[in-house]
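Student: Structure in structure tokens, see below.
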Amino acid sequence: MSSSITQDETALIAALQKGDDAAFEQLLLNHGGQVLAVTRRILGNEEDARDATQDAFLQAFKAIDRFEGQSKLSTWLHRIAVNAALMKLRRQKRHPEISMEQLLPKFKSDGHATELVGAWAPTAAEQLASKETRALVRQKIEQLPDDYRTVLLLRDIEELDTQQTAEILQISNGAVKTRLHRARQALRALLDPHMRGDAA
Amino acid sequence: MSIPKMTCQQLIEFICDYLEGELPQDQCAHFEMHLERCPCCKNYLVSYQQTIQAGKKACCQGERPPSMPSELIQAIMAARHQQGPDASAGDCDC
């Protein structure tokens with residue numbers, strides 16, 4: 001097994017692979033919070049997050065025989081949690097999606113922007129930390145089309161790299177980069193009216 | 001031969017690569033020269049970076065993981081017992 005696995009973890013994995021009930025419960029105690037955090041970040045509501053957490057662990061219990069220790073248990077579980085959350089995300093009732101086209105900046109033939117870009121308020125950073133603004137940002141993320149929202153969630157929120165994201169979504173690295181940039185641009189445009197220094 | 005200046009459109013397309021340190025050195029120089037003389041692009045870059053941070057904060061990224069609620073642990077263990085020890089491996093491809 002990989003040297004990144006600790007001795008305790010090796011013993012736990014061996015017990016899990018033998019089907020030991022106490023080991024399964026220990027797995028939940030050790031890593032349940034981490035998995036729940038992942039599903040909460042991706043799904044944004046507690047009920048779906050708990051359902052996806054349950055799905056993730058049931059998948060993990062089934063697949064533990066195939067775990068070879070190439071990565072840490074937490075890394076392996078993180079991947080399972082992301083996949084479970086994405087499956088749930090696809091089945092979520094969606095807010096109406098907005099058109100990306102209207103949110104991307106427009107340019108003249110000489111490459112200059114068609115509209116001036118104003119600065120966000122100097123207090124934008126503090127504002128973004130408030131509970132109300134966080135809820136607003138979450139709502140705007142929900143409005144992004146699925147293909148762009150999932151890339152944003154995996155790259156910026158779960159901090160997976162381009163290659164990992166491409167593998168999970170079964171798209172090219174180039175598609176990941178393009179969609180991430182477009183998603184960030186669109187989210188920026190959705191937040192702009194609320195964050196501008198000259199907003200009424 | 002002089003290299004054409006970077007346009008606003010080009011700069012905005014290069015933002016991701018610039019922030020990840022993947023923009024080639026000569027393009028990086030043009031990128032930063034453009035920022036020095038274009039307040040709109042500078043505003044755009046700053047707000048783009050703040051947007052990334054906003055997403056992380058909104059989704060609680062970086063916060064301490066919660067503890068696992070005991071009722072969820074019980075529900076999962078109960079579902080595992082219903083699943084049974086001989087259930088074939090699912091679709092997990094991890």
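Rule-based calculations on the coordinates, nothing more; no lab input. Since the structure is predicted, the reported quantities are computational estimates derived from the model, not experimental observations. Ideal geometry is used to build each Cβ from the backbone, glycine not excepted, and the neighbour counts take in all protein chains shown.
Student: Hey, could you check region B:49-74 for residues that are loosely packed, with under 15 Cβ neighbours inside 10 Å and more than 7 Å from chain A (Cβ to nearest Cβ) and say which is nearest to A:Phe24 (Cα to Cα)?
Tutor: Looking at residues that are loosely packed, with under 15 Cβ neighbours inside 10 Å and more than 7 Å from chain A (Cβ to nearest Cβ), I get B:Gln74.
Student: Considering only residues that are of a type in the set (S, T, N, Q) and touching a residue at least 60 places away in the same chain (Cβ under 8 Å), which ones fall in region A:140-155?
Tutor: Hit for region A:140-155 is A:Thr150, nothing else.
Student: Could you please find all residues in region A:156-167 being surrounded by fewer than 18 Cβ atoms within 10 Å (Cβ to Cβ) and under 20 Å from B:Gly55 (Cβ atoms)?
Tutor: Within region A:156-167, A:Glu159, A:Asp161, A:Gln164 qualify.
Student: Oh, and also: Go over the candidates A:Ala37, A:Ala56, A:Ala11, A:Ala60 one by one and state the one that is free of Cβ contacts under 8 Å to residues at least 40 places away in the same chain and touching an Asp or Glu at 6+ places or on another chain (Cβ under 8 Å).
Tutor: One residue alone meets the criteria, A:Ala37.
Student: I've got another one for you. Out of A:Ser99, A:Ser71, report the one residue that is assigned to a loop (DSSP other than H, G, I, E, B), surrounded by 14 or more Cβ atoms within 10 Å (Cβ to Cβ) and either touching a residue at least 12 places away in the same chain (Cβ under 8 Å) or more than 11 Å from chain B (Cβ to nearest Cβ) (or both).
Tutor: A:Ser71
Student: Further question: Quick one: how many residues across region A:108-126 are surrounded by fewer than 17 Cβ atoms within 10 Å (Cβ to Cβ) and either under 30 Å from A:Met87 (Cβ atoms) or not β-branched (Val, Ile, Thr) (or both)? Steps first, answer last, please.
Tutor: If we filter region A:108-126 for residues that are surrounded by fewer than 17 Cβ atoms within 10 Å (Cβ to Cβ), which is where we start, we get A:108-112, A:114-116, A:121-123, A:125-126.
Filter again for either under 30 Å from A:Met87 (Cβ atoms) or not β-branched (Val, Ile, Thr) (or both), leaving A:108-112, A:115-116, A:121-122, A:125-126.
Number satisfying all stated conditions: 11.
Student: Next up: Which of the residues belonging to region B:19-40 are in a helix (DSSP H, G or I), free of Cβ contacts under 8 Å to residues at least 24 places away in the same chain and surrounded by 13 or more Cβ atoms within 10 Å (Cβ to Cβ)?
Tutor: Correct list: B:Gln27, B:Cys28, B:Ala29, B:Glu32, B:Pro39.
Yes/no matrix, rows are residues, columns are (1) touching a helix residue (DSSP H, G or I) at 6+ places or on another chain (Cβ under 8 Å); (2) more than 10 Å from chain B (Cβ to nearest Cβ); (3) of a type outside the set (A, V, I, L, M); (4) part of a loop (DSSP other than H, G, I, E, B):
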{"site": "A:Ile141", "(1), (2), (3), (4)": "yes, no, no, no"}
{"site": "A:Arg149", "(1), (2), (3), (4)": "yes, yes, yes, no"}
{"site": "A:Leu154", "(1), (2), (3), (4)": "yes, yes, no, no"}
{"site": "A:Ala166", "(1), (2), (3), (4)": "yes, yes, no, no"}
{"site": "A:Arg184", "(1), (2), (3), (4)": "yes, no, yes, no"}
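Student: Right, something else. Please find, within region A:168-182, the residue that is nearest to the other protein chains (Cβ to nearest Cβ) out of those that are of a type outside the set (A, V, I, L, M, F, W, C) and closer than 23 Å to B:Cys41 by Cα.
Tutor: My answer is A:His181.
Student: Okay, moving on. What number of residues within region A:50-59 are touching a Leu at 6+ places or on another chain (Cβ under 8 Å) and at the interface with chain B (Cβ under 10 Å from one of its Cβ atoms)?
Tutor: Selection size over region A:50-59: 5.
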